[in-house]
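Everything on this sheet refers to the single structure shown next.
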């Protein structure tokens, strides 16, 4: 069996990369967390997609079983756990690693829109007074909703989540009633985003610096149009050995690395 590329997936960028790798006939296996994410990759691509979380204990077995020779990490910017595992595999098994990360949205200057606030981490948001007595829309993913349980008595909280059973369960367990939850998969248009904020009379929106695919740029525009405070949780910083946001660069990296494995 020839060496394969391990594409760490789950993002729209990883779907595009998978299609490009298939087009160039570069052998690839994709990993995602959930079955719903697995469905993002068309069967017509002819690639293996594995659903489920990898751990430090299963990492080397996965790489051995799939003859991994190259790692292309296109996981979500906030999925630091899998990125750290991928970099660990790169070091332990001497595998070439490249981080493919979506470009960040350029900050609107505070002069143009003073309502855009950046925080370093969710902990900074939880200890400040940004949310007190506000109507807050959380667009941060269902896993983080539990951190906001204590805000229900003092704030009116709404959550936008992915249309998945586990996401709905997480929202309910975090104290959100059905009238405070909306399940939508991005991308969301400017018009729909604006209408949702107006419908719920939102005064504060909390989001991640998820770039264009995550709808960050549209949220910035809606915040400015409606005078809503937009709180952006910055991306975690990891020391990636190599990084790009260019598709052609990623393909060239994989082609070169696989050729070197064959020598």
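We did not get these values from a lab; they are worked out from the coordinates using the rules stated. Note that the structure is a prediction, hence the values are computed from the model and not measured. Cβ sites come from the backbone with ideal geometry, for glycine too, and all protein chains shown count toward neighbours.
Potential lengthening of the chain between residue 191 and residue 217 amounts to 8.0 nm, from the contour at 0.36 nm per residue minus the alpha-carbon distance. Projected onto their three principal axes, the Cα atoms of the range 116-233 cover extents of 31, 31, 25 Å, largest first. Residue separation of residue 36 and residue 80 scaled by 0.36 nm, minus their Cα-Cα distance, works out to 13.8 nm of gained length. Here the convex hull built on the C-alpha positions of the chain has a volume of 138 cubic angstrom per residue. If you plug the beta carbon distance of residue 150 and residue 199 into 1/(1 + (r/R0)^6) with R0 = 22 Å, you get a FRET efficiency near 0.30. Among 142, 14, 75, the residue with the largest mean-square fluctuation in a Gaussian network model of the chain, with springs joining Cα atoms closer than 10 Å, is 142.
Summarise the long-distance tail of P(r) for the range 1-49 by giving the % of C-alpha pairs beyond 17 Å. Across the range 1-49, Cα pairs with separations above 17 Å total 22 percent. FRET efficiency for the pair residue 57 and residue 128, taken as 1/(1 + (r/R0)^6) with r the Cβ-Cβ distance and R0 = 30 Å, rounds to 0.20. Pairs of Cα atoms nearer than 8 Å and 6+ residues apart set the relative contact order; for the range 92-247 it is 35 percent.
A straight chain from residue 104 to residue 244 at 0.36 nm per residue would run longer than the Cα-Cα distance by 49.2 nm.
Taking a ≥ b ≥ c as the square roots of the eigenvalues of the Cα gyration tensor, the range 1-122 is prolate, since a/c reaches 1.5 or more and a/b is larger than b/c. With a cut-off of 17 Å on the backbone N, the residues of the range 30-69 near the modelled label site 7 Å out from residue 2 along Cα-Cβ are 30, 46-48, 66-69. For the range 40-179, the spread of Cα coordinates along the three principal axes comes to 54, 38, 32 Å, biggest extent given first.
Think of it as helices only: each DSSP H run of n ≥ 4 in the chain is worth -39500 (n - 2.57), and spread over all residues that comes to -10000 deg cm²/dmol at 222 nm.
Given R0 = 25 Å, the distance between the Cβ atoms of residue 224 and residue 121 translates into a calculated FRET efficiency of 0.55. Sequence-distant contacts, meaning Cα pairs under 8 Å at least 6 residues apart, place the relative contact order of the chain at 21 percent. Spin-label model, residue 65 to residue 91: label points 7 Å out along the Cα-to-beta-carbon direction sit 2.5 nm apart.
Can you work out the PRE-style zone for residue 162? Point 7 Å along Cα to Cβ, and I want the residues of the range 38-69 with backbone N under 11 Å. Once the point is set 7 Å along Cα→Cβ of residue 162, 38-40, 52 turn out to lie under 11 Å by backbone N, inside the range 38-69.
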